[in-house]
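The values are calculated or read from the model by the stated rules, or taken from the named source; none is laboratory data. Quick caveat, the model's predicted, so the values are computed rather than measured. No Cβ is skipped: glycine too gets one built from the backbone with ideal geometry, and neighbour counts run over all protein chains shown. We work out accessible area using only protein heavy atoms, side chains counted, and drop any ligands, DNA or RNA first. Shrake-Rupley method; radii C 1.70, N 1.55, O 1.52, S 1.80 Å.
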Amino acid sequence: MQILIRLGKRILAGIVMVLVVATFTFFLVRLMPGNPVAAKYNDLILHGMTPVQAMDQVRVMYGFIPHQPLWQQYLLYINQILHFNLGRSISYDGVPVLHIILAAAPWTIILVLTGLIASFVVGILAGVIAAIKRSSVTGSALSLSGSILHGIPQFVMGLFLAYVFTTLWVILPFGAPYNASLTPGFNWPFLSSLARHAILPVATYALSSYGGWMLTMKSSVITVLGDDFILASEVRGLKTWTQVKYIAHNAILPLFTVLALSIGFMFGGSLFIEDIFDYPGLGNLLLHAISSRDYPLMSGAFLLITVAVIISNIFADFLYSVVDPRIRR
Amino acid sequence: MALEFEARDFHPRGMQIRDLHVIYQTNQGEIPAVNGVSMAIAPGKITGIIGESGSGKSTLAMALMNAVPKPGRIVKGSVVVDGAGDMLTIDKKIRQKVRGRDIGFVFQASQNSLNPLIRVGKQVLDLGRSHNIKDLRALLRRAKELLERMGMDAERILLSYQHELSGGMRQRVGIMLALVLEAQVVILDEPTTALDMISQASVLEIVRQIHQERHLTTILISHDMGVVADLADNVVVMYGGELAEAGSTEEILAHPLHPYTQGLIRAIPRISGPLDQAIALSGSPPDVAALKVPGCLFASRCPKRLPKCENSRPIYEAIGSDRYVACFRGTEHD
Amino acid sequence: MSVAESTPVSSKIPHVPKNRATFLHTAWRVIAKKPGRMVGLVIILFFTLMAIAGPYLYPRNLPINPNAIYAPISWKYPLGTDFEGTSNLALIVTGARYVLFAAFMAALFTVVIGTVLGLVSGYYVGWSDSVIMRITDFILTIPGFPLLVVLSTVWNFGQPVAMGFVLGITGWGGLARAVRSQTLSLRERGFIEAARTLGLSPFHILFKEILPNIASYIAMNLLLAITGSIYAEVGLFFLGVVPFQANNWGVMLNLAVFSAGAMSSVQALPYLLSPLIALLVLTLGVVLFLDAVDELFNPRLKEA
């Protein structure tokens, strides 16, 4: 029951946050130099539309009408967002923004989720080993690997991998999500091309997030190793495996929340990778929207990226209260 | 079934500790936390080990289990448990069996000796499985019996997490975990330190009753002479990682030989007497540098100091049957 | 006092430095202890010097040389040249000012906002705490880098201060939360209670009693915020969403990768590698130096 109340509160707070972000994008577009909404309206009039047609067109694209009072425009915009209407793209000839976003999202999800899971699993295991063997050479080497990889920015990692494996030692393809000469579908050549093209982007994401997981898990395990109950379980003669289970269970708990949060941040977390490897995900979409001044698309993409984080925030909070009995009451 | 337990012999087991040395590796060099301790723990009796904080008594307790946490290290000695062997040299697998099954241990910090993420009942089962107990139902039954003995709602406790229990309850759960496998030797390290006076009294009473019923061999470690005097059959006094004096409780209380023991006894507050009769021991326990002096460790605080106390350390030696002292004045009078 | 200081144990614990001279002395001792820290300090000083003096070493408009486009590494061009025949070394040196100054401003904004809000929120438990934490949650929720990218459409990042301001204003959330939780635990300690009972002003308690105790954490965060900000701003320029207005390592990266085709042509490689190496060496310096900061401000480490 208390969990439900807590969950309800979080969802309410999340909705408020979405509204705040929507307000932000609303005013952002209006603050834009040269007010793109009014500019578009005038442009359409110049192209021979009647004011009514032009206003309709602009309303469909941006979700508000240039000559209405601000508050009416705002309400109209929010109302459309609540109905999952994000307006129409300018650069994609009036295709609904939501459709474009939904088409781009899977690319980002596959890319980042694979990298995230790989780095989480490897990082956690390495972190446990680095913590338990922290006074040995293995331990120091693992810690060093974490610190170094953690310190290299994602775009440097991406450029490095791309250079090494596509120029210096040409074993992997560079750019594009798959070989354009193949027909997309559930066939072997296409799928294997897809996988080969995904290796470097995924590796970039995985390598640059591995360090964070490893270092966090290491310090978490070290903290737990110092807890009294670990010594107690040793002195009570618990089997080594049971002791390891106790340690891992307690140490991994704080990381679960971070993992849930990372899943939310993944929609906006691969801008560099998608840019370098020319991957058609949300990050590239956002960059494309900005460079082509496609403001409805930009607002929509940013809104979705943020909503993903808010949802995963709520999920992380809920997850934590489920896995940690101390929070449950 | 219950046979598993009944088949085991219930003769009280003793322990022989010989020349035990434990050091702590620190930046300032090696600190001898336990320095050449030898003693025999009498089977079926309560042995009280008393000393100030820093006297090495808790390190000694962990050394008896061969579980001294880093940066501590056992460098020398033997801890022979009757029927089990030397804790310091036996095979790791056997040692894991002896811990918990033959020797129960109640922690100084029993407050936090439970896994915070698992219910108490599950932890009892984990303990049983680790020691290859086949009949887990019987195990839970005995856990409940013990908890009820200690005046608790057993069903509720087994379904609780650590954070749902009070300090006194956790301590009693700690005692239950030490006893549920029918260990015959029980080591209690400051079992009442974190408790209020009322819980303290009831926990000690439980210790006494269970000790008698089960013919246990009990080692009670405390800084509180009052607690030890009340419960123990024999008393061992520790100072600066070494033994100062040992004997039966009556002997020690009536004729303390070591000036440190005398100070400890004077420091016991008596409820009936006026409070100012309790005299606090002046000075503080020896620090790292003081442990390395050639003379008696207690010399700087000793009211009966002799010139030679500064230069040579008195030997801990027998001066009667089961009566030991390490003091140049020990054999002189009284 | 003098008795305590003469004992061997306490003499190993340097007291919180009272004046600048002793602080610098202690700092030097801590830094000189390990060669890695010295290397870190030297790298940081080197780049700081570059940022201050760099633009004065070269003419305002860097010379171009149509005969030396993508020239290989030589005495004249120690890091090669770019697509116009401009020395890469000159680009790096003149670009350092924007990069470092913006990063420093960003770190300053992050630390000042994060620390003040964290202290206030942790000390005055109640409505101000809830309000500040709501805002912090919000800041932490908004994905920072996409926000920067979107903001670049309306915000002029031409001035390093403007860049630093935006990076700071979007990046203080984590620090505020950490400072708050440390303040919460510190305010329950004896010496803070004592200060309150003595009737000392909240300002005094917050900035004279609590702040010194979390100084190490804040100092570490200042350095980490600098490296984080460097990555973020160079990243923004690399993505090409910010109009190129000044020489900048990120601009070099962008042009090298997306215009010069440095990924496939070997001759343009020095153009790509120059900013990358500058970036990595600077990061290395900060990471190496971090170790010294940790020991300098962290009282627990000093005792050991």
TODO: Return the residue satisfying two criteria in turn: it lies in the stretch A:243-281 and is among the small types (Gly, Ala, Ser) and more than 7 Å from every other protein chain (Cβ to nearest Cβ), and of such residues it is surrounded by the fewest Cβ atoms within 10 Å (Cβ to Cβ).
DONE: A:248
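What residue, of A:238, A:225, A:215, is assigned by TED's automatic domain parsing to the domain that holds residue A:112, touching a residue at least 24 places away in the same chain (Cβ under 8 Å) and within 30 Å of residue B:60 (Cα to Cα)?
A:225
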Task: Unmet requirement for residue A:57, which otherwise passes all of (1) touching a residue at least 12 places away in the same chain (Cβ under 8 Å); (2) open to solvent by less than 20 Å² (accessible area, probe 1.4 Å) - done: (2)
Open item on the list: Within the stretch A:68-166, considering only helices (runs of 4 or more DSSP H) that don't extend past its boundaries, which have at least 3 residues that are under 30 Å from residue A:24 (Cβ atoms) and more than 18 Å from the chain's Cα centre (by Cα)?
Closed with: A:70-82
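Can you list the helices (runs of 4 or more DSSP H) lying wholly within the stretch C:187-297 that have 2 or more residues being within 12 Å of chain A (Cβ to nearest Cβ) and within 26 Å of residue C:60 (Cα to Cα)?
Result: C:215-239, C:249-254, C:269-297.
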- [ ] Would you check which residues across the stretch C:134-165 are touching a residue at least 40 places away in the same chain (Cβ under 8 Å) and assigned to a helix (DSSP H, G or I) and list them?
- [x] C:136, C:144, C:145, C:148, C:149, C:160, C:161, C:163, C:164, C:165
Task: Pair list, Cβ under 9 Å, 6 or more apart: the stretch B:247-261 residue under 14 Å from residue B:42 (Cβ atoms), other residue surrounded by fewer than 19 Cβ atoms within 10 Å (Cβ to Cβ) and of a type in the set (S, T, N, Q) - done: none
TODO: Quick one: in the stretch A:224-242, of everything that is under 20 Å from residue B:94 (Cβ atoms) and among the β-branched types (Val, Ile, Thr), which residue is least open to solvent (accessible area, probe 1.4 Å)?
DONE: A:235
Task: Enumeration of residues in the stretch A:207-217 that are open to solvent by 50 Å² or more (accessible area, probe 1.4 Å) and farther than 16 Å from residue A:114 by Cα - done: A:215, A:216
TODO: Kindly provide the set of residues from the stretch B:284-303 that are surrounded by 15 or more Cβ atoms within 10 Å (Cβ to Cβ) and among the basic types (Lys, Arg), ordered by number.
DONE: B:301
TODO: Search the stretch C:127-177 for residues being more than 14 Å from chain A (Cβ to nearest Cβ) and closer than 19 Å to residue A:262 by Cα, and hand back the single one that is surrounded by the most Cβ atoms within 10 Å (Cβ to Cβ).
DONE: C:172
- [ ] Would you mention how many residues in the stretch C:213-264 are small (Gly, Ala, Ser) and without any contact (Cβ under 8 Å) to a residue 12 or more places away in the chain?
- [x] 3
- [ ] Could you list, in sequence order, all residues of the stretch A:282-315 that are away from chain C (no Cβ under 11 Å), surrounded by fewer than 20 Cβ atoms within 10 Å (Cβ to Cβ) and of a type outside the set (S, T, N, Q)?
- [x] A:315
TODO: Scan A:160, A:174 and give me the residue that is open to solvent by 40 Å² or more (accessible area, probe 1.4 Å), out of contact with any Cys (no Cβ under 9 Å at 6 or more places or on another chain) and without any contact (Cβ under 8 Å) to a residue 24 or more places away in the chain.
DONE: A:160
- [ ] Can you work out which of the residues in the stretch B:112-130 that are among the small types (Gly, Ala, Ser) and within 13 Å of residue B:100 (Cα to Cα) is farthest from the other protein chains (Cβ to nearest Cβ)?
- [x] B:128
- [ ] Tell me which residues, restricted to the stretch A:223-232, are assigned to a helix (DSSP H, G or I) and more than 7 Å from chain B (Cβ to nearest Cβ).
- [x] A:223, A:224, A:225, A:230
Task: Search result, residues across the stretch C:270-286 that are of a type in the set (Val, Ile, Thr) and either open to solvent by less than 10 Å² (accessible area, probe 1.4 Å) or touching a residue at least 12 places away in the same chain (Cβ under 8 Å) (or both) - done: C:281, C:283, C:286
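Being closer than 28 Å to residue C:227 by Cα, open to solvent by 40 Å² or more (accessible area, probe 1.4 Å), away from chain B (no Cβ under 14 Å) and hydrophobic (A, V, I, L, M, F, W, C): is that true of residue A:141 here? Don't jump to the end; show me each part of the working.
Numbers: closer than 28 Å to residue C:227 by Cα: yes; open to solvent by 40 Å² or more (accessible area, probe 1.4 Å): yes; away from chain B (no Cβ under 14 Å): yes; hydrophobic (A, V, I, L, M, F, W, C): yes.
Yes, satisfied.
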Open item on the list: Residues that are among the polar types (S, T, N, Q) and farther than 27 Å from residue C:241 by Cα: does the stretch C:101-114 have at least one?
Closed with: no
Task: When residues of the stretch B:68-101 are limited to those that are within 9 Å of another protein chain (Cβ to nearest Cβ) and open to solvent by less than 20 Å² (accessible area, probe 1.4 Å), the one farthest from residue B:38 (Cα to Cα) - done: B:100
Open item on the list: Going residue by residue through the stretch C:259-269, is there one that turns out to be buried (at least 23 other Cβ atoms within 10 Å of the Cβ) and at pLDDT 85 or above?
Closed with: no
- [ ] Output the number of residues of the stretch C:141-164 satisfying the condition of being among the aliphatic types (A, V, I, L, M) and under 19 Å from the mean Cα position of the chain (by Cα).
- [x] 4
Open item on the list: Going residue by residue through the stretch B:283-293, is there one that turns out to be at pLDDT below 80 and more than 20 Å from residue B:54 (Cβ to Cβ)?
Closed with: no
Open item on the list: Residues that are at pLDDT 75 or above: list the helices (runs of 4 or more DSSP H) wholly contained in the stretch C:1-107 that include at least 2 such residues.
Closed with: C:20-32, C:35-57
TODO: Would you please list the contacts, defined by Cβ atoms under 8 Å and residues six or more apart or on different chains, that run from a residue in the stretch B:50-67 that is free of Cβ contacts under 8 Å to residues at least 60 places away in the same chain and facing chain A (nearest Cβ under 10 Å) to a residue that is in a helix (DSSP H, G or I) and among the basic types (Lys, Arg)?
DONE: B:66/B:95; B:67/B:99
